Number of protein chains: 2
Amino acid sequence: MSSSLLEQLIEAFRVLPGVGPKSAQRMAYHVLEREREGGKRLAQTLEAAVERIGHCDRCRDFSENTRCTTCASGSRDAHLLCAVESPADRLAIEQATGYRGLYFVLQGRLSPLDGIGPRELGLDQLAARLAEGEVNELIIATNPTVEGEATAHYLAQLARQHGVKPSRLTHGVPLGGELEYVDRGTLSHAFGSRSEMPQ
Amino acid sequence: MSSSLLEQLIEAFRVLPGVGPKSAQRMAYHVLEREREGGKRLAQTLEAAVERIGHCDRCRDFSENTRCTTCASGSRDAHLLCAVESPADRLAIEQATGYRGLYFVLQGRLSPLDGIGPRELGLDQLAARLAEGEVNELIIATNPTVEGEATAHYLAQLARQHGVKPSRLTHGVPLGGELEYVDRGTLSHAFGSRSEMPQ
């Protein structure tokens, strides 16, 4: 045994996003000094989660069961389907909006250079779903990045092939933002796509 | 079961210092999406650490064994003893300086309002150690806060009672800092305790 258990613990914390050597050390000491119970709970929950959480076989979101609670729920509107890049995006939409339709989680975006193509995003599964005929509108909520936009165009084509209306989130100036601090691309887009004010 | 395993995992991450709801969510998704192996390792190391890491019976630092490697080492200078508030402070000194003496980790600072007195800091154990006669100098490296200073005065008295010389880290302007940004207390102290420049 070359390194002590404490050193191993500090090293292990570094798998977490945004955690460097200093934060990892702080986490290890904090847990040992003040949160042994919470640390034990975290260890057990983490181990169970890593082993038992898989993907919903319908929407590809994280789920303990083969079908997630949203897909299994009978109370959601099956005519609306919203495609998002990640489970975090799905959660953000679910929390911010009153959306009552269903989701499809791509678990990524088209990125040929990284070897991520339609197959990796489960687009064959999405196509089969659109072919079922129940979905009327595919709300494409991929991120407004180059790769996200490319993915959005691909999804829009796929939707049209199956007679489904594709829609995309509006771009523009964020609510509560100041024009001075909005990036040029967004400002230019918002200016160009200005709409008449209602009376 | 009211909340899903994913929700439980997000909640469990919040025992870590500086981790709010948003970071906890990001950590959970990151581990599930990209770091299942690392997550499992973290879970197992954390559980082992919480169960097996105790305190060294000589210096009170964290240790898997009853005596830590520093105290057990025969190559350290037993005439020098450095008192610090926490294991993190001990590590900082160990990494920054070439100190070859031994340590005593208080695991806190005197804080009567929080019920932390000499007993909680193991000062009876420290007194017994000073009484052994091997220690010549007690380097008091508690933090330069109100409570840290109070603790330092208490420790200095204790040292003198046992014929041991107490010393304290120098206060002053940090190296590489700009005077403009140094806090008033530090600047005033550094100005008042200025020393003649060597030729």
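Only residues that are open to solvent by 30 Å² or more (accessible area, probe 1.4 Å), more than 14 Å from the chain's Cα centre (by Cα) and polar (S, T, N, Q) were counted across the stretch B:70-125, and they come to 4.
Which of the following residues is in contact (Cβ under 8 Å) with a residue 60 or more places away in the chain, closer than 30 Å to A:Gly115 by Cα and either in the same structural domain as A:Cys82 (by TED's automatic domain parsing) or surrounded by 11 or more Cβ atoms within 10 Å (Cβ to Cβ) (or both): A:Thr151, A:Thr170, A:Thr145?
Numbers: A:Thr170 fails: in contact (Cβ under 8 Å) with a residue 60 or more places away in the chain; A:Thr145 fails: in contact (Cβ under 8 Å) with a residue 60 or more places away in the chain.
Within the list A:Thr151, A:Thr170, A:Thr145, the selection yields A:Thr151.
Could you grab me the full set of residues in the stretch A:173-184 that are open to solvent by 100 Å² or more (accessible area, probe 1.4 Å) and over 22 Å from A:Val84 (Cα atoms)? The answer is A:Glu178, A:Leu179, A:Glu180, A:Tyr181, A:Arg184. Filter the stretch A:106-134 down to the residues that are in contact with a strand residue (DSSP E or B) (Cβ under 9 Å, 6 or more places away or on another chain) and over 20 Å from A:Pro87 (Cα atoms) and list them by number. Those that are in contact with a strand residue (DSSP E or B) (Cβ under 9 Å, 6 or more places away or on another chain) and over 20 Å from A:Pro87 (Cα atoms): A:Leu130, A:Glu134. Close Cβ contacts (under 6 Å, 6 or more residues apart or on different chains) running from residues in the stretch B:100-111 that are within 14 Å of another protein chain (Cβ to nearest Cβ) to residues that are open to solvent by less than 10 Å² (accessible area, probe 1.4 Å) and charged (D, E, K, R) comprise B:Leu106/B:Glu85; B:Arg109/B:Glu85. The single condition among (1) of a type outside the set (Phe, Trp, Tyr); (2) touching a Leu at 6+ places or on another chain (Cβ under 7 Å); (3) on the phi > 0 side of the Ramachandran plot that A:Arg60 does not satisfy is (2). Taking the stretch B:2-92 and the helices (runs of 4 or more DSSP H) fully enclosed by it, no element has 3 or more residues that are more than 10 Å from chain A (Cβ to nearest Cβ) and polar (S, T, N, Q).
Pairs are defined by a Cβ separation below 7 Å, a sequence spacing of at least 6 or placement on different chains, a first member in the stretch B:178-199 that is of a type outside the set (Ser, Thr, Tyr), and a second member that is open to solvent by less than 70 Å² (accessible area, probe 1.4 Å) and in a helix (DSSP H, G or I); the pairs so defined are B:Leu179/B:Leu187.
The values are calculated or read from the model by the stated rules, or taken from the named source; none is laboratory data. None of these values were measured; they are calculated from a predicted model. Cβ coordinates were reconstructed from backbone atoms using ideal geometry, including for glycine residues, and neighbour counts include every protein chain displayed. Quick note on the areas: whole protein, heavy atoms, side chains included, nothing else; ligands and nucleic acids left out. Shrake-Rupley method; radii C 1.70, N 1.55, O 1.52, S 1.80 Å.
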